[in-house]
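Scroll down for the structure; my scribbles are underneath it.
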Amino acid sequence: MFERLFGHTEEEQLEYLQIRVIVTVFCIVGAVLGPALGIPNVSAALAAIIIFVWGWGAVKGLFGITAISAIFSGNLVVGILLFIFYIFVAYIVGLFCMALGIGRYIYLKIIMSKR
């Protein structure tokens, strides 16, 4: 399962997950500290990271869409409804992939440090 989501080898997986985990941790820290510092809507950035960094690739693989424009190619109203549905599914799948990705990243860092 990890090979399909993050890459074929452990080195590819670590490279794929490195930047995503760093950006996600940065957004989580911002979502926690943002309201305390008076910066609004930092949690919206975290939701965007979950949707587009972690979830959108899985949704593309799940439903077979290759571009956002493919959603809007027919009827505009149906395209907007499909886009909202895809965003919702991408958020849910993104939460799952984010949890798996962060766990796998920690595991790979531990494995690589023992070598």
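The values are calculated or read from the model by the stated rules, or taken from the named source; none is laboratory data. Predicted, not measured: the structure shown is a model, and the values here were computed from it. Glycine also receives a Cβ, built like all others from the backbone with ideal geometry; neighbour counts cover every protein chain displayed.
Pairs please, first residue from the stretch 3-20 and within 15 Å of Gly57 (Cβ to Cβ) and buried (at least 18 other Cβ atoms within 10 Å of the Cβ), second anywhere and modelled with pLDDT under 90 and among the small types (Gly, Ala, Ser), Cβ atoms under 7 Å, 6+ apart in sequence or on different chains.
Pairs found: Gln13/Gly7.
Pairs please, first residue from the stretch 93-115 and within 12 Å of Leu17 (Cβ to Cβ), second anywhere and exposed (fewer than 15 other Cβ atoms within 10 Å of the Cβ) and among the polar types (S, T, N, Q), Cβ atoms under 9 Å, 6+ apart in sequence or on different chains.
These pairs meet every condition: Tyr105/Gln18.
Given the criterion without any contact (Cβ under 8 Å) to a residue 40 or more places away in the chain, under 14 Å from Ala90 (Cα atoms) and among the β-branched types (Val, Ile, Thr), identify the matching residue among Val23, Val59, Val29.
Within the list Val23, Val59, Val29, the selection yields Val59.
Using the structure shown, decide if Val53 is out of contact with any His (no Cβ under 7 Å at 6 or more places or on another chain) and within 22 Å of Leu108 (Cα to Cα).
Considered against the rule, which asks whether it is out of contact with any His (no Cβ under 7 Å at 6 or more places or on another chain) and within 22 Å of Leu108 (Cα to Cα), Val53 comes out as yes.
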